[in-house]
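A.B. asks: Take a look at the following structure, please.
The values are calculated or read from the model by the stated rules, or taken from the named source; none is laboratory data. Because the structure is predicted, anything quoted here is derived from the model rather than measured. Neighbour counts run over all protein chains shown; Cβ positions are idealised from the backbone, glycine included.
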Amino acid sequence: MKRTLALLALVPILTATGGAAQAQPVATGQSCARIDDEAKRLLCYDLVFRTGVPGVDPSAPPPQKAATLDDTLVEGWPLTTAPSPTGKGTFMTLTNISPEPMTDSDQSAKLTISCAGTNSSLSFWFPGRYMSSDNRVLEASYDGGKTEKYDVGGYDSQMSLSGPKSIPVIKQLMAANKVKVSATPSSGPKFSAEFDLAGLTKAVTPIREACGW
């Protein structure tokens, strides 16, 4: 009786913690026969035939654990969340700081990737460097490759892309190890800043899921 009760205790159940648990593969006579370990094979047969209760296949891999927000956090890419300004959904922002200061400056530049509601945006912030309100052009070189130019929006020291225009550029960042961005302020010479993109692909996952891309 004790052995039967112990075997029955191995039957998978749904737990209330974190929602329904994922069902594991059910053992059958054929799956039991494929188990090399004798003790596990006998236990499998007991579960299937002796108790008459479908058992969990001991040779099956454990179920995948659902990813949580904590699992996606990456060092160097802090993620902040707040109620969306639109009142719908959550406003999420991923931030990265250039490891070295901008050229001819003692301040670092900042890169942010955001999702507000379902709207994505990519912004570069250059403290102390003010851009013209017209003809804002951001240059970017990925891993030392050919320079690409983007017509961007923004204000003061911020240069940004939003909506569908931001997504292809974010994906280019995800595919690179480093990016060097350059711009020309309303007064003064062109300057540049370089960002280390290691870990971005994982770090941006909550943003992508929230904005549906």
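A.B. asks: Looking at this structure, is Gly199 more than 17 Å from Ser108 (Cβ to Cβ), surrounded by 17 or more Cβ atoms within 10 Å (Cβ to Cβ) and in contact with a strand residue (DSSP E or B) (Cβ under 8 Å, 6 or more places away or on another chain)? Even if it seems obvious, please write down each step before you answer.
C.D. replies: Working: more than 17 Å from Ser108 (Cβ to Cβ): yes; surrounded by 17 or more Cβ atoms within 10 Å (Cβ to Cβ): no; in contact with a strand residue (DSSP E or B) (Cβ under 8 Å, 6 or more places away or on another chain): yes.
No: the conditions fail for Gly199.
A.B. asks: Then there's this: Do we have Ala109 as small (Gly, Ala, Ser) and surrounded by 18 or more Cβ atoms within 10 Å (Cβ to Cβ) here?
C.D. replies: Here the answer is yes, as Ala109 does meet what is asked.
A.B. asks: When residues of the range 130-149 are filtered for being within 13 Å of Ala175 (Cβ to Cβ) and of a type in the set (Val, Ile, Thr), how many remain?
C.D. replies: Result for the range 130-149: 0.
A.B. asks: What number of residues in the range 107-150 are closer than 21 Å to Pro189 by Cβ and either in a strand (DSSP E or B) or within 20 Å of the chain's Cα centre (by Cα) (or both)?
C.D. replies: Matching residues across the range 107-150 total 12.
A.B. asks: Out of (1) without any contact (Cβ under 8 Å) to a residue 40 or more places away in the chain; (2) loosely packed, with under 14 Cβ neighbours inside 10 Å, what's the single condition that is false for Pro99?
C.D. replies: (1)
A.B. asks: Further, regarding this structure: Ser160 passes all but one of (1) surrounded by fewer than 18 Cβ atoms within 10 Å (Cβ to Cβ); (2) small (Gly, Ala, Ser); (3) within 26 Å of Ala116 (Cα to Cα); which number fails?
C.D. replies: Evaluating Ser160 over (1) surrounded by fewer than 18 Cβ atoms within 10 Å (Cβ to Cβ); (2) small (Gly, Ala, Ser); (3) within 26 Å of Ala116 (Cα to Cα) leaves (1) as the failure.
A.B. asks: Test Val179 against the stated conditions and say whether it is at pLDDT 95 or above and under 12 Å from the mean Cα position of the chain (by Cα).
C.D. replies: When the stated conditions are applied, Val179 does not pass them.
A.B. asks: Take Val204 and tell me if it is over 18 Å from Pro101 (Cβ atoms), β-branched (Val, Ile, Thr), free of Cβ contacts under 8 Å to residues at least 24 places away in the same chain and surrounded by 20 or more Cβ atoms within 10 Å (Cβ to Cβ).
C.D. replies: no
A.B. asks: Restrict the check to the range 157-175 and report whether at least one residue is over 27 Å from Gly212 (Cα atoms) and touching a Ser or Thr at 6+ places or on another chain (Cβ under 7 Å). Please lay out each step first, then the result.
C.D. replies: First pass over the range 157-175, keeping only residues over 27 Å from Gly212 (Cα atoms): 157.
Filter once more, keeping what is touching a Ser or Thr at 6+ places or on another chain (Cβ under 7 Å): none.
Scanning the range 157-175 turns up no residue that is over 27 Å from Gly212 (Cα atoms) and touching a Ser or Thr at 6+ places or on another chain (Cβ under 7 Å).
A.B. asks: Give the residues of the range 191-210 that are more than 12 Å from the chain's Cα centre (by Cα) and farther than 13 Å from Ser141 by Cβ, sorted by residue number.
C.D. replies: Scanning the range 191-210 gives Phe191, Asp196, Ala198.
A.B. asks: Regarding the range 91-99, can at least one residue be identified that is part of a strand (DSSP E or B), over 22 Å from Lys202 (Cβ atoms) and in the same structural domain as Leu200 (by TED's automatic domain parsing)?
C.D. replies: First, the residues of the range 91-99 that are part of a strand (DSSP E or B): 91-97.
Then keep just the ones that are over 22 Å from Lys202 (Cβ atoms); that gives none.
No, every residue in the range 91-99 fails to be part of a strand (DSSP E or B), over 22 Å from Lys202 (Cβ atoms) and in the same structural domain as Leu200 (by TED's automatic domain parsing).
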